[in-house]
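The values are calculated or read from the model by the stated rules, or taken from the named source; none is laboratory data. Model, not experiment: these values are computed from the prediction. Cβ placement follows ideal geometry from the backbone for every residue including glycine, while neighbour counts extend to all protein chains displayed. Accessible surface is based on the protein model in full, side chains and every heavy atom, while ligands, DNA and RNA are left aside. Shrake-Rupley method; radii C 1.70, N 1.55, O 1.52, S 1.80 Å.
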Amino acid sequence: MTISGVRIAPAVPSRGQSLAEPPADPMAPLGEALLRLGQCDGQTLERGRRVAAETGQRLDAVLLQLGLVTERGLADAYAALLGVPIASPARYPEAPLLPDLLAPRYLRAARVMPLAIEDGALVLGVADALDEFAPAAVAHRTGMAVRVEIAVPIELEAAFGRLYPEGEAEETPGGGHGGEALEEDAERLKDLASEAPVIRLVNQIISRAVETHASDIHIEPFEDRLRVRYRYDGVLHEADNPSARLAPAIISRVKIMAKLDIAERRLPQDGRIKLAVRGTEIDFRVSTIPSLHGEKVVLRVLDRSSVVFDYEKLGLPAAVVRDWTRALELPNGILLVTGPTGSGKTTTLYTGLTAINAVSRNIVTVEDPIEYQLHGINQIQTKPAIGLTFATLLRSILRQDPDVIMVGEIRDLETAQIAVQAALTGHLVLSTLHTNSASATITRLRDMGLEDYLLTAVLRGVLAQRLVRRLCDACKREAEAPAELVERFDLKRRAAGGRVRLWHAVGCAKCRSTGYRGRQAIAEFLQPNPEIEHLIFSKADQSEIERAAVTHGMVTMFQAGLDAALAGTTTIEEVVRSIRAEA
């Protein structure tokens, strides 16, 4: 096509299709493209159109600001509408192209980036698919034909951070002192953290985490660099790293956003940030700890819009869900969910509470912190600094005649004793504990100082779980299991004597080339029976208790993991990595 007399080479059509010229009024067909691709529904689109008409903004900008579509979804719609491809993350160059002709400041302002030179034409990634001026200007400046590809804004920003660091050259925060050590006093840090480049960089780090569905952001200062890592499906991946000189300013900016004391760098601190990112309300739990080269900061991303409290979505085995659901209907006793940090214990408890929530039940939770708000359930945040601990809150809650009490975690004997007292007086108590298996919970409570007769009187069930990564449905590959693996894990018996076939991770664009997409729970559920109660009284260890539970039908976590691998939802390697079982 031609813009202002400058020829712009069309993108190479995919699958032999001809390119469509941008429509005179692209907003009308844009809505049709979004509906056709399932990026939004008619009601959502109509809401966006009304706001666009009232504010005078473009429809695409309104949809993004309100969080009604994602940047990726909008890019897909424009790609389909204009017949141009989307620039993948691998498309961005290793080094800036034509740096003598194209100034970083202009490229940032125009939100375009040269991606490659192919067949004599410059391939240009553009964030605004309807901006004809910027490609024309680049074509005029370089004297080359320009071919356009749609850039997803969050990926474009990440590439800018890598190829054109704002911490260098003329945009170094502090103006002209980029090579000098940043002063560590609080006022100086406040000034640095308030400068536009730092604010923009921190916003970019946070936005990328939300857009790519990361669960955590790790910001880690080292002697020669500042490392930024994102956790996807339980595994950390390194991202493009900002300049090390920006470390104090970036960390201070996060601490200011979390309302932490930026002058205190010797002690750990915890805080919370509530932000609208890409139009979506997101909570971030912030934790800082002092390290050798500064403070390490971890932000846990809590996206309420993406959380669904549903057993099927969690991936819990059907038999476990059945037994757990029955236990939740009991009038009293203690139910525990155990596992290491980040194993989905709270999500499982929330799902159970949501299932039994009714007008006829008085449900109260005591949490530290409250991760998600549950409609119709009274949730209380502990505040140890003023003496509002799990134990003190439990005592007060018992005076308000609750039917169900959820305690975020049983951490000490005092909390355990009050929970037992509540269970003995006719309440159903739900809580979490850090143990490696369901049977190990008995030993852990015993070590806390809880008497065996109390354990047998109130314990109604223990659900132990881990999270394993799900195989990506788009690229997973099936193959016959090696004979050594079949023999080692006795897979032929679990496969009912048939041919043993397993699925393997491959990797594609949809799963960030990891082969995995999302996670599911692998769990075991132990229900005390007379034999197990007798073992508890006789001070039996956890292995004896587990053997007795297996004899009465309990499927261990590792066995449940093998079943999931045989079903093709995960891999043997992932089960062994997550559960660390010895075969």
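For the pair residue 37 and residue 238, what calculated FRET efficiency results from E = 1/(1 + (r/R0)^6), where r is the Cβ-Cβ distance and R0 = 22 Å, to the nearest 0.05? Each step should come with its number before you reach the end.
Numbers: r = 32 Å, r/R0 = 1.44.
Between residue 238 and residue 37 the formula returns 0.10.
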**Request:** Take the alpha-carbon centre of the range 416-438, take the same for the range 53-75, and report the distance between them in whole Å.
**Result:** 48
**Asked** Taking the Cβ-Cβ separation of residue 448 and residue 28 as r and a Förster radius of 51 Å, what is the calculated FRET efficiency to the nearest 0.05?
**Response** 0.20
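Could you work out [θ]222 nm for the chain from helices alone, using -39500 (n - 2.57) per DSSP H run of at least four and dividing by all its residues? Round to the nearest 500 deg cm²/dmol.
Rounded to the nearest 500, the figure is -10500 deg cm²/dmol.
Tell me, what is the per residue accessible area of the range 288-402 in Å², probe radius 1.4 Å? Working shown, then result.
Numbers: 5590 Å² over 115 residues.
With the other protein chains kept in place, the range 288-402 gives 49 Å² per residue.
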**Asked** Using a 1.4 Å probe, how large is the accessible area of residue 211, given in Å² and rounded to the nearest 10?
**Response** 30
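Could you work out the relative contact order of the chain, using alpha carbon pairs under 8 angstrom and six or more residues apart, expressed as a whole percent? Each step should come with its number before you reach the end.
Numbers: 992 pairs, mean separation 52.7, N = 583.
The normalised contact order for the chain reaches 9 percent.
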**Message:** Multiplying the sequence separation of residue 385 and residue 98 by 0.36 nm and subtracting their Cα-Cα distance, what value in nm do you get?
**Reply:** 97.6 nm
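With a sphere of radius 12 Å drawn around the Cβ of residue 94, what net charge do the other residues whose Cβ falls strictly inside it have (Lys, Arg +1; Asp, Glu -1)?
In short, +1.
By Kyte-Doolittle mean hydropathy of at least -0.5 and Cα axial length of at least 30 Å, which whole DSSP H helices of the chain are selected?
Working: long enough: none.
Taking the DSSP H segments of the chain (at least 30 Å long, mean hydropathy at least -0.5), we get none.
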**Prompt:** Where both partners of a DSSP beta bridge lie in the chain, what percent of those bridges are antiparallel, to the nearest 5?
**Reply:** 65
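Please state the shape class of the range 465-549: rounded when a/c is under 1.5, otherwise prolate if a/b exceeds b/c and oblate if not, all from the C-alpha gyration tensor. Intermediate values should be presented prior to the final figure.
Working: a/c = 3.86, a/b = 1.90, b/c = 2.03.
Judged from the Cα gyration tensor, the range 465-549 comes out oblate (a/c at least 1.5, b/c at or above a/b).
Using a 1.4 angstrom probe on the protein heavy atoms only, line up 360, 243 by accessible area, largest first.
On the way: 360 100, 243 20 Å².
Of 360, 243, the descending order of accessible area is 360, 243.
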**Prompt:** Any idea which of 202, 140, 217 is furthest toward the positive side of the dipole for the chain, if Lys and Arg beta-carbons carry +1 and Asp and Glu beta-carbons -1?
**Reply:** 217
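Exceeding 20 Å between C-alpha atoms, which entries from my cross-link table qualify? They are 255/296; 345/510; 476/510; 259/345. Walk me through the numbers on the way to the answer.
On the way: 255/296 11 Å; 345/510 27 Å; 476/510 12 Å; 259/345 28 Å.
Cα-Cα > 20 Å for 345/510; 259/345; rest within.
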**Request:** Just grab the label-to-label distance for residue 487 and residue 313, each label 7 Å out from Cα along the Cβ direction, in nm (one decimal).
**Result:** 4.5
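Run the accessible area of the chain with a 1.4 Å probe and give the carbon-and-sulfur part as a rounded percent.
On the way: 13770 of 27530 Å².
Solvent-exposed carbon and sulfur of the chain make up 50 percent of the total.
Distances over 32 Å make up what percent of all Cα-Cα pairs in the chain?
On the way: 98096 of 169653 pairs.
That fraction is 58 percent.
Measuring with a 1.4 Å probe in the full set of protein chains, what accessible area per residue, in whole Å², belongs to the range 421-549?
48
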**Fill in**
If amide H atoms are modeled at 1.01 Å from N in the peptide plane, then the residues at a separation of 5 or more from residue 570, or on another chain, having amide H under 5 Å from its own are 471, 565
